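For reference, the structure discussed in these notes is given below.
What follows is calculated from the coordinates using simple rules that are stated; it is not laboratory data. Since we're looking at a predicted model, the values are computed, not measured. Using ideal geometry, Cβ is built from the backbone for each residue, glycine included, and neighbour counts are taken over all protein chains shown.
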There are 2 protein chains.
Amino acid sequence: MDLKRRGNQTMVFANPPLILSSYTVVGPKEGDGPLGKTFSKVFKDQIHGEKSWEVAESIMLQEAMQGALDQAGIPKEEIDFMLAGDLLNQLISSNFAARQMDLPFIGLYGACSTMALSMAVGSMLIDGGFARNVLVGVSSHHEAAERQFRFPTEQGTQRAMCAQWTVTGAGSLLLGKSGTGPRITSATIGRVLDFDVNDVNNMGAAMAPAVSDTILNHLQDLQRKPQDYDLIASGDLGMVGLALAGDLLKKSGVEMGEGFTDCGVLIYDSSQDVHSGGSGCGCSSVVFAGNILQRIKAGELNRVLLVGSGALHSSTSMLQGESIPGIGHAVVIEA
Amino acid sequence: MDLKRRGNQTMVFANPPLILSSYTVVGPKEGDGPLGKTFSKVFKDQIHGEKSWEVAESIMLQEAMQGALDQAGIPKEEIDFMLAGDLLNQLISSNFAARQMDLPFIGLYGACSTMALSMAVGSMLIDGGFARNVLVGVSSHHEAAERQFRFPTEQGTQRAMCAQWTVTGAGSLLLGKSGTGPRITSATIGRVLDFDVNDVNNMGAAMAPAVSDTILNHLQDLQRKPQDYDLIASGDLGMVGLALAGDLLKKSGVEMGEGFTDCGVLIYDSSQDVHSGGSGCGCSSVVFAGNILQRIKAGELNRVLLVGSGALHSSTSMLQGESIPGIGHAVVIEA
């Protein structure tokens, strides 16, 4: 199967929405990693005094969204939509966070691509004239996700070397029509691609084709090359998926070069025993809303392409022997 | 707890998107019901020759979306987005349908409110200038949903009298910028409300507050009264929830009158042993894309308010003793 050009898949915003504020909350393992100092808040343990991992995740998302709101100092009455998503069945963390936030709520599901997807949809709502400000937030939780998709972590099942480690974290951004901050200048909504990967421990391989397809179409739509970006960060292919995406794009005539990395590769270091890197929709949300955004604001990065990557499986589909389709959504952020 | 006015929750479209075509696929029980003749296609049995209920649901959604496309005769290259959602974990039916449709895909989750939500978001994308045509589709499947949320139907568990029957059905609409058809003139995105209902067999009670809140805010935003609509259809409160919503609105000073009904009340008749009526996001999608749309086109209804209603629970949240928050999203359709 080859990647193919669709055309007309990228929206360029006439009045690019601004990122007015951001806030990130992570678990202790993420706090101990190389990006630890870039996060707004680190929970002392995975359960944060709550009665379940799932409730802890929802509280984490709520704290991230409230944190972004507080940082911007914009009253709730001027926030027109809340967009959120997570990995849990029926987006339960997002629904419970939305109950507390009391804002008009649109639930999005793109698996680990949800941060880029919500930034894209939020930008369309603002640039389209339907919102002054949109609050976006995305979360995942290691224990809650692992027991839902694979095995309870208490079971101590041995992890494959190509497996990724689901990040415990929630990131939130406040997008707005006016103010100051980096701008979201364009977005590419991806298609679902399936290269027949059926190993639930190899998400990187399942997502690499869709991410590559979205990057290829994005570059062709805008007549750009990878070197037009200071950073292209997928989120989250891990080390295995990142290498595969590089190879797939090379076959299609695109040399990604040094500036191509992955949020799942950045968030942990090799001493943390995470094998192929981080994953979970919290991963790209906290790496983008933390480290990458700070580097844009500091003038270190001028133009960034964030490509969210989602593996579209459920525990039911895996037990029924289905393969794992993937999706990639891209957004361009400029200083 | 009282309903309260937020303000500024409704978008009025400057160039109202058109409903260019529609297609519905349902199971045999829905085909035998009072609206049987209004559906495009009726499956002979619940599994449609597939290996699982879940695969049958995905095929049903795919057939509905392809059906809407074929009816409009618009080439795939001119469809800029596919928006879809369902009740299954990780939107698996929609993801697998999107894999076949090969269109830029945005996954939405609003439980049973997903049809109205996708019509609202699709309309914003078109009116905002980001799409020429948007294909929306929403599905549910009785056996797939019941075994995920409650009990496998093979178990024969006795159903409560306030329980609703999850509809097996998929409805699809092609929304467009130009052509002919009824128009979507405004949309109200709802907030998550929780009145502390925790009975998974009483979805109507869980959703009634959020639906009432959305109707109240919609009417106040547009300075309208219920009598300005030929039909206000919630989807899907069932008989219990419909009565509760009428009471809640009355307490807030709004008399809904004769024109207030519910897609879950319309789809089955009392001989079909469904207790409080139909539910599942397939319900409002096939009742709207079938019967209601046909009555608008026939000139019988001039202005309709469709209020999708979602119960935001998961099997995990129920086992953990959480209550069930609800959400309501409204769209106005005019001849």
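A few comments on the model shown:
- Nearest-20 debye value, the protein assembly as shown charge dipole, Cβ charges on Lys, Arg, Asp, Glu: 1180
- Looking down the axis that turns chain B into chain A, the chain B residue with its beta carbon nearest that axis, and the gap rounded to whole angstrom, comes out as B:Gly128, 1.
- Taking a quarter of the surface of the Cα convex hull of segment A:269-326 gives a mean projected area of 5.7 nm².
- Taking one quarter of the surface of the C-alpha convex hull of segment B:18-98 gives a mean projected area of 6.2 nm².
- Phi angles across segment B:168-184 convert, under the Karplus curve 6.51 cos²θ - 1.76 cosθ + 1.60 with θ = phi - 60°, into 3J(HN,Hα) values of 8, x, 9, x, 9, 10, 9, 9, x, 7, 9, x, 10, x, x, 10, 8 Hz, Gly and Pro given as x.
- At 7 Å out from Cα toward Cβ: A:Ser271 inter-copy label distances (nm, ascending): 7.6
- The ratio of the alpha-carbon radius of gyration of segment B:188-324 to the globular-protein estimate 2.2 N^0.38 Å is 1.04.
- Around the amide H of B:Leu231, modelled in the peptide plane, lie the amide H atoms of B:Arg303, B:Leu305, all under 5 Å away and 5 or more residues distant in sequence or on another chain.
- Evaluated with a Cβ-only charge set (Lys, Arg +1; Asp, Glu -1), segment A:238-335 carries a dipole of roughly 220 debye about its Cα centre, given to the nearest 20.
- Computed over segment B:77-201, the ratio Rg/Rh where both radii use C-alpha atoms and Rh is Kirkwood: 1.03
- For A:Ser186, nonlocal amide neighbours, meaning residues 5 or more places apart or on other chains whose placed amide H falls under 5 Å from its own, are A:Phe13, A:Val332.
- Summary for A:Asp45: label point 7 Å along Cα→Cβ; distances to the equivalent points in the other copies, ascending, 5.3 nm.
- Shape descriptor for the protein assembly as shown: Rg over Rh equals 0.94 (Cα atoms; Rh from the Kirkwood inverse mean 1/r).
- Here the dipole of chain A is about 600 debye; that uses its Cα centre as origin and unit charges on the Cβ of Lys and Arg (positive) and Asp and Glu (negative).
- Residues whose amide H comes within less than 5 Å of that of A:Gly128, counting only those at least five positions distant or on another chain, are absent (H built at 1.01 Å from N in the peptide plane).
- Positive-end extreme of charge dipole, segment A:120-248 - chosen from A:Ser172, A:Asn198, A:Leu219 (charges on Cβ): A:Ser172
- Calculated FRET value between A:Asn302 and B:Asp228, using beta carbons and R₀ = 45 Å, to 0.05: 0.30
- Between copies, the label points at B:Phe151 (set 7 angstrom from Cα along Cα-to-Cβ) are spaced 3.2 nm, reported in nanometres from shortest to longest.
- Reachable lysines, given that their alpha-carbon falls under 22 Å from the alpha-carbon of B:Lys177 and they are not under 8 places away in the same chain: B:Lys76, B:Lys297
- Whole-Å distance, taken between Cα centres, linking segment A:72-99 and segment B:279-335: 21
- DSSP bridge pairs, the protein assembly as shown: antiparallel proportion in percent, nearest 5: 65
- Simple rule: put +1 on each Lys or Arg Cβ and -1 on each Asp or Glu Cβ in the protein assembly as shown, find the dipole, and look at A:Leu18, B:Thr114, B:Ala56; the Cα lying farthest toward the positive end is A:Leu18.
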